[in-house]
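The values are calculated or read from the model by the stated rules, or taken from the named source; none is laboratory data. Keep in mind the model is a prediction, meaning the values are calculated, not measured. Backbone-built Cβ (ideal geometry, glycine too); neighbour counts: all protein chains shown.
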Amino acid sequence: SQDEFPKADSTTEALGALRPAFDKAGTVTAGNASGINDGAAALVIMEESAALAAGLTPLARIKSYASGGVPPALMGMGPVPRLKK
């Protein structure tokens, strides 16, 4: 397999010349931002007794959870408040 990014013909000069995407003083450009990729996922959460009754084997147990967030301007920092909980 081969990584999709960075493009094989990218140069440091070309990457350095790219303008910030979101903020004039920002550092995120088309050259260092995550690519837009397709993906999908599904998760079934149920009581252990319901899984066993359906003939299923539970794969995990939820022991705790937390939610949190930050303003959009702090892109990339969203997980920080959750980790502190």
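Some values worked out for this structure:
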| quantity | calculated |
| --- | --- |
| Any hit, region 29-45, residues being closer than 30 Å to residue 4 by Cα, out of contact with any strand residue (DSSP E or B) (no Cβ under 7 Å at 6 or more places or on another chain) and not in a loop (DSSP other than H, G, I, E, B) | no |
| Qualifying positions in region 66-78 - exposed (fewer than 10 other Cβ atoms within 10 Å of the Cβ) and either touching a Lys or Arg at 6+ places or on another chain (Cβ under 9 Å) or among the charged types (D, E, K, R) (or both) | 66, 67 |
| Leading residue by the ranking (modelled with the lowest pLDDT) among those in region 21-42 that are under 14 Å from residue 76 (Cβ atoms) and not β-branched (Val, Ile, Thr) | 34 |
| Residue 66 being in contact with a helix residue (DSSP H, G or I) (Cβ under 6 Å, 6 or more places away or on another chain) and part of a loop (DSSP other than H, G, I, E, B) | yes |
| Residue check for residue 5: in a loop (DSSP other than H, G, I, E, B), free of Cβ contacts under 8 Å to residues at least 60 places away in the same chain and in contact with a Gly (Cβ under 7 Å, 6 or more places away or on another chain) | yes |
| Conditions (1) of a type outside the set (Lys, Arg); (2) modelled with pLDDT of 90 or more; (3) assigned to a loop (DSSP other than H, G, I, E, B); (4) surrounded by 10 or more Cβ atoms within 10 Å (Cβ to Cβ): number failed by residue 51 | (3) |
| So residue 10, is it modelled with pLDDT of 85 or more, of a type in the set (S, T, N, Q) and in a loop (DSSP other than H, G, I, E, B) | yes |
| Region 26-48: number of residues that are surrounded by 10 or more Cβ atoms within 10 Å (Cβ to Cβ) and more than 30 Å from residue 14 (Cβ to Cβ) | 2 |
